[in-house]
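Encoded as structure tokens, the structure appears first; notes follow it.
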Amino acid sequence: MTTKELIVRTALKLFLQHGFHNTSMVMIANMIGISKPAIYYHFKNKDEMVHGVLDYFTDKMGEWSSDYFPPSNSAKEFFEKIFQAIPVFMNVELVLLEEKNKRYSYSYNDLIGILSKYKPEFRKRISQDVLNIRKILEQKIIVAQEENLIRPDLQPSRLAVFIQTIIEGSIFICELDQKLNINFVSNDNFTILWNLINK
């Protein structure tokens, strides 16, 4: 692991432990055991480090997706797997930091919410990731329609928004209501959705 990646991972961990606003460059340097100037060699300020964290998320989730979604999947298998992945998306920080069953004060989803309100440039960057996911969903919907699996009267772009809303909403609701079983919710939501859109 490079020093730059170590800084990014440590920053992410401290953001999740203490909150974005309560994490300083000094805290990051101290946790790693390097000097503050060593951090500034890689990131000129905290904002630039945030971009590093967001880039790390995109790269890490890209690697995870390549392993999780085999290219040979049918469209139906893709949608089923993406709903089965809702528990992973809910605890995505565990994937990012390669940990199991670790609990933080803040989730990565909390951090994204904070950053998107903190600065317009962060909101724009986060929005790009959301739009990229939607484009992937839209392409899979088009393929499923070509395979005669999904109703042809459904507009792919609108259905992609609908699916993304269900996924994000499931995460939000299950984070708030600890009595809900995220695995049951994700499987149930897929079954209901597929029955609605299946030709």
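The values are calculated or read from the model by the stated rules, or taken from the named source; none is laboratory data. Nothing here was measured: the structure is a model prediction, and the numbers come from that model. A quick note on method: Cβ atoms are made from the backbone with ideal geometry, for glycine too, and the neighbour counts reach across all protein chains shown. Each accessible area value is taken on the protein alone, full model and side chains, heavy atoms only, with ligands, DNA and RNA left out. Shrake-Rupley method; radii C 1.70, N 1.55, O 1.52, S 1.80 Å.
How high is the relative contact order of the chain, in percent, counting Cα pairs under 8 Å that sit 6 or more residues apart? The partial results should precede the final answer.
Details: 151 pairs, mean separation 45.3, N = 199.
RCO, the chain: 23 percent.
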(message) Treating only the Cβ of Lys, Arg, Asp and Glu as charged (+1, +1, -1, -1), what charge dipole size does segment 1-56 show about its Cα centre? Round to the nearest 20 debye.
(response) 140
(message) Can you report the principal axis dimensions of segment 52-143 using only the alpha carbons, biggest first, rounded to whole angstrom?
(response) 39, 32, 19
(message) For the chain, what are Rg and Dmax over the alpha carbons, in angstrom?
(response) 18.8, 61
(message) Tell me the accessible surface of Tyr108 in square angstrom (1.4 angstrom probe, heavy atoms of protein chains only), to the nearest ten.
(response) 10
(request) Note the full-extension length gain between Val143 and Glu48 as 0.36 nm times their separation in residues minus their Cα-Cα distance, in nm to one decimal. (result) 30.4 nm
(message) Using only the heavy atoms of the protein chains and a 1.4 Å probe, how would Arg158, Arg134 rank by accessible area, largest first?
(response) Arg158, Arg134
(request) At 1.4 Å probe size, with no ligands or nucleic acids counted, give the accessible surface of His51 in Å², nearest ten. (result) 50
(message) Between 0 and 90 degrees, rounded to the nearest ten: what's the tilt of helix 108-118 against the longest Cα principal axis of the chain?
(response) 70
(request) Calculate the dipole size of the chain relative to its Cα centre from +1 charges on Lys and Arg beta carbons and -1 charges on Asp and Glu beta carbons; express the result in debye to the nearest 20. (result) 520
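Go ahead and run the numbers for FRET between Ser105 and Asp153, Cβ-Cβ distance against an R0 of 45 Å, rounding to 0.05.
Numbers: r = 46 Å, r/R0 = 1.02.
In this case the efficiency is close to 0.45.
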(message) Under 18 Å from a point placed 7 Å out from the Cα of Ser74 along the Cα-to-Cβ direction: which residues of segment 172-199 have their backbone N that close?
(response) 190-199
(message) Using alpha carbons only, how many angstrom separate the centre of segment 1-80 from the centre of segment 149-199?
(response) 28
(request) Just read off the accessible area of Met1 with the full protein assembly in place, 1.4 Å probe, to the nearest 10 Å². (result) 140
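Filter the cross-link list Lys44/Lys119; Lys44/Lys81; Lys81/Lys102; Lys4/Lys117; Lys4/Lys81; Lys60/Lys102 down to pairs whose alpha-carbon distance in this structure exceeds 28 Å.
On the way: Lys44/Lys119 17 Å; Lys44/Lys81 40 Å; Lys81/Lys102 24 Å; Lys4/Lys117 26 Å; Lys4/Lys81 33 Å; Lys60/Lys102 18 Å.
Flagged as over cut-off: Lys44/Lys81; Lys4/Lys81.
So, R0 is 25 Å and r is the distance between the beta-carbons of Tyr41 and Glu121; what FRET efficiency does that work out to, to 0.05?
Numbers: r = 22 Å, r/R0 = 0.90.
The value I calculate is 0.65.
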(request) Treat each spin label as a single point 7 Å out from the Cα along the C-beta direction, and report the Arg134 to Thr3 distance in nm. (result) 4.1
